[in-house]
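I have placed the structure first, in the form of structure tokens, so that the comments after it can refer back to it.
The values are calculated or read from the model by the stated rules, or taken from the named source; none is laboratory data. This structure is a prediction, so every number in the text was calculated from the model and none was measured. Backbone-built Cβ (ideal geometry, glycine too); neighbour counts: all protein chains shown. Protein only, heavy atoms only, side chains kept; ligands, DNA and RNA dropped before computing areas. Shrake-Rupley method; radii C 1.70, N 1.55, O 1.52, S 1.80 Å.
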Amino acid sequence: METHKKDSDKILEEKTQPDHMPSEGKPIAPKKGDEKKESAEEKAKKLAGQRSVLTVLKAEENTGKKPTPAKTKGTPLVQVPCAESGRLNRTIEDEPYYHGFMTTEQAEKALTSNGEFLVRKTDVGQAIYFILSVREKKKNLHLLIKRTAKRRLYWIHIFACRTVNDLIQYHISHNKPVTETGVLLVRFVPKTKWQLNHEQVIRIKELGSGQFGTVYLCWLQLSAYKSRRQVAVKMLQGHNMTTDDKVKFLREANLMQSLKHPNVVKIFGIAASREPFMIVMEYYPNDSLENALTKGNPSEIDKLNFLFDAAKGLQYLHEKSIIHRDIAARNCLLDADRRVMISDFGLSVVDRCNNGVRERKGGRLPVRSMAPETLKKFTYTKASDVYSYGAMMYEVYNQGREPFYNCQLQGNVLRRAITNNKISLKIGNDCPDAMRILFKHCRNMDPTKRFTFAEIVEYLATEDGIREEIIPTYWEKKRKSVKTFFKTYI
Ligand SMILES: Nc1ncnc2c1ncn2[C@@H]1O[C@H](COP(=O)(O)OP(=O)(O)OP(=O)(O)O)[C@@H](O)[C@H]1O
């Protein structure tokens, strides 16, 4: 183990040293005249005697959130030379324990047993910080990895390093606690296959943009040995994105990850180790239901199946306690078999208690599709989703026209007219009777009298022309995978 007296002493000399910020992952070259060697551990012991000098120095150096005084007050900081940290020459993004941008909630889900840890990034105010999340005695600790003001060294408890990799590696290889109470880093939580790297994604062209980001057609490189495939990638872009926007974007990705249904958009993963954040999804070349309705002239059977597929996807979401909150033809995509896939979970929320979710949200709201009780009290329920589904039925039977397209009212005046039942949607004469009845059940002003999606699915399932589900057998699936193998490798 090699240490350099000069390196260790820099902590004490710092005030007179020029500011220097090494790039992440670069080793520090040893300097001439570093003959006298001393380990960081020995230095820690020695420096304990110089407590008063170092306490002053550390207080001056602290940046960002101040550490809890009970844990760190009076503890000297010791710089660990690079050679002693025992790290590999990699960037933080390459480290298996680094999970990129992640909320506290997500980190807590990932930590399951004592001593498990991961490193993540988060925004505190305007600044971005690294956080060490570690599980100890059935509790989760989220420790801010702080930086000294001048030399820009990273530190948690006693030891300070030039990079986060060094800091973590040093604590692991030397079995050093990260808190005063002796919490050790035992086992890291590895990234899941769902967490992708930005390098795996290659842009082809833009597909369109929405409120939260732009969607691109991209190549996704699955691994060095596997083929690449075309995917749609939603990227959160823009320099004026607030922390709130980022958290919402990650929440959307997290929510999508937990969904698996033939009528819900399939997600491959998320790249969140740096910005722009990306949600990598299945690419649906048939575009949106809105385009199919406005440009495609679908048959009556097609329309019926579009609504049946959408209702099945939404029934699944409601079973998982998810309220979509933005049901509209523009948010439904069509797969290669023209099956509807529910998409765009940017506004979705989880209603765990089944009481509805109250949220007075600013920004653009889909007022024309929203239920009167939501417009009045900002309460979103499963029944308010059903009301919006009714608005989508209107789109389906009116060539994709948006609800109230011929109404001159705008903004608050329109909102008041809807809530006071002064205006209402009329589905049109071309709509079959059975669908007109269903429309009425969805658009009832009283939310308790509306159908549920389970009832809608049951109602539509008996209609003539409903496409039967073709569930592939075991051998059909096998045959398909062999075919794909030959296509890819031979
Ligand atoms: N998986 C996908 N495959 C193919 N096209 C997609 C996919 N996801 C989105 N798109 C297309 O990209 C465009 C932008 O989608 P996005 O979900 O960001 O916005 P939006 O739904 O149009 O608006 P908002 O998010 O404001 O409701 C849309 O035209 C949509 O059809």
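Can you tell me which residues in the range 437-466 are assigned to a helix (DSSP H, G or I), surrounded by 15 or more Cβ atoms within 10 Å (Cβ to Cβ) and touching a Phe, Trp or Tyr at 6+ places or on another chain (Cβ under 9 Å)?
Answer for the range 437-466, where residues must be assigned to a helix (DSSP H, G or I), surrounded by 15 or more Cβ atoms within 10 Å (Cβ to Cβ) and touching a Phe, Trp or Tyr at 6+ places or on another chain (Cβ under 9 Å): L438, F439, H441, C442, P447, F453, I456, V457, Y459, L460.
Conditions (1) open to solvent by 20 Å² or more (accessible area, probe 1.4 Å); (2) in contact (Cβ under 8 Å) with a residue 60 or more places away in the chain, marked per residue:
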site	(1), (2)
A391	no, yes
P403	no, no
V413	yes, no
K422	yes, no
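So which strands (runs of 3 or more DSSP E) are wholly in the range 167-275 and hold at least 2 residues that are free of Cβ contacts under 8 Å to residues at least 12 places away in the same chain and either of a type in the set (F, W, Y) or open to solvent by less than 40 Å² (accessible area, probe 1.4 Å) (or both)?
In the range 167-275, no matching strands (runs of 3 or more DSSP E) lie anywhere.
Name the residue that is nearest to L414 (Cα to Cα), counting only residues in the range 355-375 that are surrounded by fewer than 14 Cβ atoms within 10 Å (Cβ to Cβ) and away from the ligand (no atom under 16 Å from the Cβ).
Within the range 355-375, the match that is nearest to L414 (Cα to Cα) is R360.
Pairs only if they're at least six apart or on different chains, beta carbon under 8 angstrom, first in the range 284-302 and under 14 Å from D335 (Cβ atoms), second aromatic (F, W, Y) and away from the ligand (no atom under 13 Å from the Cβ); list them, first residue then second.
L289/F306; A292/F306
With E290, E206, E199 as the choices, which residue is within 13 Å of the ligand (Cβ to nearest atom) and either under 21 Å from Y98 (Cα atoms) or touching a Gly at 6+ places or on another chain (Cβ under 6 Å) (or both)?
The unique qualifying residue is E290.
Scan the range 132-166 residue by residue and report those that are surrounded by 21 or more Cβ atoms within 10 Å (Cβ to Cβ), in a strand (DSSP E or B) and without any contact (Cβ under 8 Å) to a residue 60 or more places away in the chain.
If the condition is that a residue be surrounded by 21 or more Cβ atoms within 10 Å (Cβ to Cβ), in a strand (DSSP E or B) and without any contact (Cβ under 8 Å) to a residue 60 or more places away in the chain, then L132, S133, V134, R135 are the ones that fit.
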